[in-house]
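Asker: Quick one: the structure is below, and I'll ask about it shortly.
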Amino acid sequence: MRILFVTSECAPFSKSGGLADVAFSLPPALRKLGDEISIITPLYQCVWQNYGEKLEFVMDVDIVHGGVTYGCELYRGDREGVPVWFVKYDPFYDRPRLYGYDDDKLRFAFFSRAVIELLPELGPMPQILHCNDWESALSVIYLKNDQVTRPELKGIRSVFTIHNIAYQGQFSAWELQTTFALPEGWYDGGLGFEYEGRHDVNLMKGAMMVADAVSTVSPTYARELHHHRYGMGLEGVAHLVDNKLQGILNGIDMELYNPKKDPRLPASFDKKHMEGKAACKAALQEAFGLEKEARFPLFCLVARLVEQKGVELIKELLPRLMDLGCQVIIFGQGDQAYVDHFNDCLKRWPGQFGFSSNYSEDMAARVFAGSDFYLMPSRFEPCGLSQMMAMRYGTVPIVHETGGLKDSVRSYSEFDGIGDGFSFPEYTSQSLMMSIMSALRVYFCDEETFALLRRRCMEKDFSWDRSAQQYQRMYSRIAVGNEVEQIPYRDAYLQLKDAYIELEKANRELNLQRFPDPYHRVIQVHMTTQTDGFFFLVFDRKGDEFTFQIEPFTFHDADAFISVSFEHLMAMARGETTFDKLYLQGLLRVKGNLSKGAEMRILLGRRQE
């Protein structure tokens with residue numbers, strides 16, 4: 001598969017957030033799977049200063065956008081064998097920061113147009129154009145717009161990934177034809193966004209609507225986007241594109257964050273030899289002016305200091321943590337009010353509280369490695385990478401059950417001993433404090449369990465291999481020549497009816513053992529992808545009779561509602577996959593009483609005694 005990965009930042013060349021880490025790791029992982037992939041990104045001032053001598057000049061090129069001709073240059077670099085193309089136009093990108101300028105809308109409209117115009121210059125045409133966040137959303141839209149009149153583009157399919165739906169690229173409607181150089185019809189064709197009495201254009205919404213596939217960075221976040229608390233005004237759009245929306249958990253570079261080999265650490269260690277972690281803790285305490293006491297529990301936060309990251313909760317709980325004799329390190333840049341507050345805390349709790357806004361990747365690795373617990377109480381978190389990094393260094397996470405935090409951290413249970421961290425369900429300081437107290441109880445009272453949690457964290461596979469395979473399947477599903485064959489609803493319904501009749505026969509005895517008498521459940525099913533239609537299933541038990549009924553209609557008072565592709569419904573009935581796997585991968589949606597999920601995995605899937 002030939003893929004062009006379009007991104008506004010790419011580590012190590014340019015970075016302001018998690019998107020750069022994804023661009024750093026996902027393309028090489030896809031290359032290892034055999035895909036032909038390259039990256040295209042702007043050539044910022046920081047790129048030219050740090051890597052300019054290593055880049056190869058390719059050509060001068062004129063890009064016409066909105067009737068204006070921009071003379072720019074194309075350069076080429078490399079990232080682990082993956083070609084990285086750089087668009088150099090100094091009036092837009094020779095600036096100290098990547099973002100935060102009044103003309104950002106024009107800077108990235110130009111970049112998106114340049115991506116489309118440069119496609120013939122980058123080698124064979126890609127089969128997939130993979131764009132990320134609002135800064136490259138216009139590349140998806142320009143591709144769809146130009147395919148009408150440019151035959152050479154018609155074989156390209158697009159993927160749009162949402163890394164954080166809070167940043168949507170929302171601008172005044174008059175920018176549509178001026179700044180973005182699109183026909184007026186695009187307002188009603190997907191870009192129009194009427195919000196709080198305003199008539200705007202929303203670039204993220206437009207890309208979600210017209211892309212051939214939409215992904216986000218964790219399965220839980222994909223489900224959360226349908227809720228008004230997380231959808232940020234686009235929850236209705238998430239409903240509309242649900243059949244092509246998938247959550248794929250991000251990964252990290254397992255070798256870069258390897259405590260056995262990391263040269264940034266004062267001492268190395270692994271899951272069998274943890275002495276080095278104690279040395280890392282002592283060095284970290286010294287670096288931040290804390291008392292060098294091994295038994296003091298050391299909590300850390302490495303994050304942007306913004307409200308979304310749960311900093312308010314930490315502010316509220318900090319005096320209680322100090323009273324408990326804990327040590328806390330806050331490391332990161334962000335809102336000046338938070339910086340000022342934590343600088344004041346340094347004076348209030350010397351030797352117990354550490355803070356620095358002088359961020360560096362090297363020090364971040366040392367903070368991860370030297371701490372006992374990693375705090376990540378984000379109000380919402382599409383994926384989150386720092387909890388994965390901390391876990392690689394044996395630092396036990398304490399997280400809010402949201403987005404990728406819920407997908408990557410399994411909360412420890414004293415009842416059965418499962419889990420690799422601690423979590424709290426409600427976004428309140430009280431809920432967070434209860435989780436912290438559970439962690440401290442294990443830390444002080446059960447050293448064996450705490451050591452086990454550390455080992456589980458270090459053993460967890462956060463590599464990009466699994467995620468890359470999921471992206472590869474997504475690409476294959478939408479690529480020209482691989483389109484899913486459409487099946488008439490009646491044919492799909494009859495095939496499923498036969499499959500469920502056989503399934504019910506196979507499961508009848510076990511159903512009698514499992515379900516109470518009497519028992520009645522109605523499940524409404526929406527088939528997607530290869531067909532589009534509804535049917536409902538009725539399961540009844542009366543005495544020793546367990547009956548099953550399937551009808552090709554909607555049932556508005558069903559106990560539960562699911563949406564899943566015809567292909568996956570058949571796979572569940574044949575025992576080739578499970579309800580849980582599809583749900584966790586974001587390939588199956590559930591509404592209604594979720595307690596019925598335990599029943600649906602039995603009723604809709606083949607199982608053995």
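The values are calculated or read from the model by the stated rules, or taken from the named source; none is laboratory data. What you see is a predicted model; the values in this text were computed from it and never measured. No Cβ is skipped: glycine too gets one built from the backbone with ideal geometry, and neighbour counts run over all protein chains shown. In case anyone asks, the SASA skips ligands and DNA or RNA and just uses the protein heavy atoms, side chains included. Shrake-Rupley method; radii C 1.70, N 1.55, O 1.52, S 1.80 Å.
Asker: In what sequence, highest mean first, do 198-206, 56-64 appear when ranked by Cβ atoms within 10 angstrom?
Answerer: 198-206, 56-64
Asker: How big is the Kirkwood radius of the chain, worked out from every pair of different alpha carbons and given in Å to one decimal?
Answerer: Taking the inverse mean of 1/r over all distinct Cα pairs, the chain comes out at 26.4 Å.
Asker: Report Rg (one decimal) and Dmax (nearest whole number) for region 150-251, counting Cα atoms only, units Å.
Answerer: 14.2, 42
Asker: Give the carbon-plus-sulfur fraction of the accessible surface of region 63-170 in %, rounded to a whole number; probe 1.4 Å, heavy atoms of protein chains only.
Answerer: Solvent-exposed carbon and sulfur of region 63-170 make up 49 percent of the total.
Asker: Could you give the dipole magnitude of the chain about its Cα centre, charging the beta-carbon of Lys and Arg +1 and that of Asp and Glu -1, in debye to the nearest 20?
Answerer: 1080 debye
Asker: For region 459-572, what does the convex hull of the Cα positions come to per residue, in cubic angstrom?
Answerer: In region 459-572, the Cα convex hull volume per residue is 155 Å³.
Asker: Straight distance only, please: which lysines reach the Cα of Lys260 with their own Cα at less than 20 Å, same-chain residues fewer than 8 apart left out?
Answerer: Within the straight-line cut-off, Lys260 pairs with Lys271, Lys272, Lys277, Lys281, Lys460.
Asker: Starting with the highest mean, order 245-253, 370-378, 466-474 by the number of other Cβ atoms within 10 Å, averaged over the residues of each peptide.
Answerer: With the highest mean Cβ count within 10 Å placed first, the list reads 370-378, 245-253, 466-474.
Asker: Another question, then. Count charges around Asp420 for me, please; just the other residues with Cβ under 11 Å from its Cβ, Lys/Arg as +1, Asp/Glu as -1.
Answerer: Details: positive: Arg410, Arg454, Arg455, Arg456, Lys460; negative: Glu459.
Neighbourhood net charge equals +4.
Asker: Can you compute log10 of I(q)/I(0) for region 200-278 with the Debye formula, treating each Cα as one identical point scatterer, at q = 0.18, 0.20 Å⁻¹?
Answerer: -0.71, -0.81
Asker: To continue, here is another question. Give, in whole angstrom and from largest to smallest, the semi-axes √(5λ) of the equivalent ellipsoid of region 74-217, with λ running over the eigenvalues of the Cα gyration tensor. All intermediate terms of the calculation are to be shown ahead of the outcome.
Answerer: Working: eigenvalues 115, 73, 45 Å².
Those come to 24, 19, 15 Å.
Asker: Let me ask something else. Against the globular-protein guess of 2.2 N^0.38 Å, express the Cα radius of gyration of region 122-201 as a ratio, rounded to two decimals. Can you show the working numbers first?
Answerer: Numbers: Rg = 13.8 Å, N = 80, 2.2 N^0.38 = 11.6 Å.
Here the Cα radius of gyration is 1.19 times the empirical estimate.
Asker: Mark the label point 7 Å from the Cα of Glu56 along Cα→Cβ and return the residues of region 123-140 whose backbone N is within less than 14 Å of it.
Answerer: Only 123 pass the distance filter.
Asker: I've got another one for you. Considering only Ser386, Thr402, Met437, whose Cα is most displaced toward the positive end of the charge dipole of region 372-463, charges sitting on Cβ of Lys, Arg (+1) and Asp, Glu (-1)?
Answerer: Checked the options; the winner is Ser386.
Asker: If contacts are Cα pairs under 8 angstrom and at least 6 residues apart, what is the relative contact order of region 283-397 in percent? Kindly include the intermediate steps, with their values, before the conclusion.
Answerer: On the way: 172 pairs, mean separation 39.4, N = 115.
With pairs under 8 Å counted, the relative contact order is 34 percent.
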